[in-house]
Amino acid sequence: GAVVSQHPSRVICKSGTSVKIECRSLDFQATTMFWYRQFPKKSLMLMATSNEGSKATYEQGVEKDKFLINHASLTLSTLTVTSAHPEDSSFYICSARGSATSYEQYFGPGTRLTVT
Amino acid sequence: LAKTTQPISMDSYEGQEVNITCSHNNIATNDYITWYQQFPSQGPRFIIQGYKTKVTNEVASLFIPADRKSSTLSLPRVSLSDTAVYYCLVGDRRSNNDMRFGAGTRLTVKP
């Protein structure tokens with residue numbers, strides 16, 4: 001199946017700093033990418049949907065100025081957590097889909113963010 | 001967007017067949033049903049997808065009755081490594097409205 005990677009796999013940062021997480025589709029062109037966050041023992045919560053070359057669509061309650069999403073190419077989307085706080089500590093997961101995958105979505109392995 | 005309801009948890013033993021049912025009473029004509037498996041600290045993994053009747057692949061079967069208001073994921077002869085959370089998602093994949101996860105079912109396989 002199609003492969004989606006995320007980098008870094010885990011990151012620790014200090015409060016007030018910004019962190020960028022990359023999501024790449026390795027063997028297909030992802031016309032749409034999605035970002036989720038997941039708290040321990042909870043389900044995935046969709047944060048935003050991004051289409052290549054256009055602004056991301058954020059879910060209700062997700063601050064777009066805090067979680068900056070850039071889908072600059074058909075294989076790369078980035079999520080930047082700005083001015084991170086301890087409550088932003090979570091597991092962030094991206095997924096991607098495209099016509100080449102018959103619109104199936106493939107998930108990345110996730111990024112564990114810890115804000116101290 | 002069809003909302004889904006699944007049992008919160010299930011227990012089974014190695015070698016047994018496990019059936020997890022998902023209710024989606026408001027499923028729309030263009031909606032597909034997709035099941036994912038997730039292990040702790042990993043991204044979800046696609047298991048199977050279907051629209052109606054029965055779909056089978058190398059790891060599971062998916063049974064969908066004629067009214068499509070529910071679906072059942074069947075895992076044959078589970079092993080300890082099948083302990084995971086299983087999610088049922090329903091939606092129109094071309095419209096990107098099949099992206100929201102419900103609570104999922106936590107399956108625990110015991111020796």
Q. Considering the stretch B:14-31 alone, what residues qualify as being touching a helix residue (DSSP H, G or I) at 6+ places or on another chain (Cβ under 8 Å) and either within 9 Å of chain A (Cβ to nearest Cβ) or crowded, with 20+ Cβ neighbours inside 10 Å (or both)?
A. B:V18
Q. Across the stretch A:27-45, what is the total count of residues that are surrounded by fewer than 18 Cβ atoms within 10 Å (Cβ to Cβ) and closer than 24 Å to B:P40 by Cβ?
A. 6
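Which of the residues that make up the stretch B:73-99 are within 11 Å of chain A (Cβ to nearest Cβ), farther than 16 Å from B:K52 by Cα and surrounded by fewer than 19 Cβ atoms within 10 Å (Cβ to Cβ)?
Going residue by residue through the stretch B:73-99, those that are within 11 Å of chain A (Cβ to nearest Cβ) are B:85, B:87, B:89, B:91-99.
Checking which are farther than 16 Å from B:K52 by Cα leaves us with B:85, B:87, B:94-99.
Those that are within 11 Å of chain A (Cβ to nearest Cβ), farther than 16 Å from B:K52 by Cα and surrounded by fewer than 19 Cβ atoms within 10 Å (Cβ to Cβ): B:R94, B:S95, B:N96, B:N97.
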Q. Restricting to the stretch B:61-71, what's the tally of residues that are in contact (Cβ under 8 Å) with a residue 24 or more places away in the chain and surrounded by fewer than 16 Cβ atoms within 10 Å (Cβ to Cβ)?
A. 1
Q: Restrict the check to the stretch A:24-47 and report whether at least one residue is over 10 Å from the mean Cα position of the chain (by Cα), closer than 15 Å to A:T80 by Cα, facing chain B (nearest Cβ under 10 Å) and of a type in the set (G, A, S).
A: no
Q | Single unsatisfied condition, A:F67 versus (1) more than 11 Å from every other protein chain (Cβ to nearest Cβ); (2) within 19 Å of B:Q38 (Cβ to Cβ) | A | (2)
(Q) Any residue that is at the interface with chain B (Cβ under 9 Å from one of its Cβ atoms) and under 13 Å from the mean Cα position of the chain (by Cα) - is there at least one of those in the stretch A:71-93? (A) yes
Q. Counting only residues that are surrounded by 21 or more Cβ atoms within 10 Å (Cβ to Cβ) and among the aliphatic types (A, V, I, L, M), how many does the stretch A:68-107 have?
A. 6
Q | Test set (1) buried (at least 21 other Cβ atoms within 10 Å of the Cβ); (2) over 17 Å from B:D11 (Cα atoms) - B:G102 fails condition number | A | (1)
Q. What number of residues within the stretch B:42-55 are within 13 Å of chain A (Cβ to nearest Cβ) and either without any contact (Cβ under 8 Å) to a residue 24 or more places away in the chain or part of a strand (DSSP E or B) (or both)?
A. 9
**Q.** Given (1) surrounded by fewer than 19 Cβ atoms within 10 Å (Cβ to Cβ); (2) more than 11 Å from every other protein chain (Cβ to nearest Cβ), number of the condition B:F39 does not satisfy
**A.** (2)
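All of the numbers you see were taken from the coordinates with simple rules; none came from a lab. Every value quoted in this text rests on a predicted model; they were computed, and no experiment measured them. FYI the Cβ positions are ideal-geometry reconstructions off the backbone, even for glycines, and counts take in every protein chain you see.
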